[in-house]
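The structure appears right after this line, and notes come after that.
The values are calculated or read from the model by the stated rules, or taken from the named source; none is laboratory data. Predicted, not measured: the structure shown is a model, and the values here were computed from it. The protein model used for the area step is the full one, side chains on, heavy atoms only, and it has no ligands, DNA or RNA in it. Shrake-Rupley method; radii C 1.70, N 1.55, O 1.52, S 1.80 Å.
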Amino acid sequence: TALYALAASPGAPLIAVAGQKQILLYHAETSRLLGVLPFPEGVAHVLRFSRNGSILIAGGGHASQAGCVVLYDVKT
C-alpha cells in the first residue's frame, strides 16, 4: 500500500504511518506493529503528534468530497 503521511512521537519511540482508511503505529526501535487506528473518513494526508506525544492528530478524508480532523489518544 502507499504511504500517505508519517509522524514520529517526540516523547516515545512511536511512529505513525497513514494508509488507506487506517493509521498504523510502530515501535521506532524494533519496527514492531503496536496497533492499527481506523480512519474510515478516507486517507490521512497529515499526521502530527502533540508536544507531549499523547495525542495523534490526523487530517484528511476523501478527495474533493469531504475532509476532517481526528484526534487519537495514543496512550490508551
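A few comments on the model shown:
- Rg/Rg_ref, segment 1-62, where Rg_ref = 2.2 N^0.38 Å and atoms are Cα: 1.03
- Residue among ALA18, ALA58, ALA28 with the largest mean-square fluctuation in a Gaussian network model of the chain, springs linking Cα atoms under 10 Å: ALA28
- Most mobile listed residue (LEU37, LEU25, LEU47) in the chain, GNM with C-alpha springs under 10 Å: LEU37
- The chain, accessible area per residue, ligands and nucleic acids excluded (1.4 Å, Å²): 62
- Carbon and sulfur %, accessible surface of the chain computed with the full protein complex present, 1.4 Å: 55
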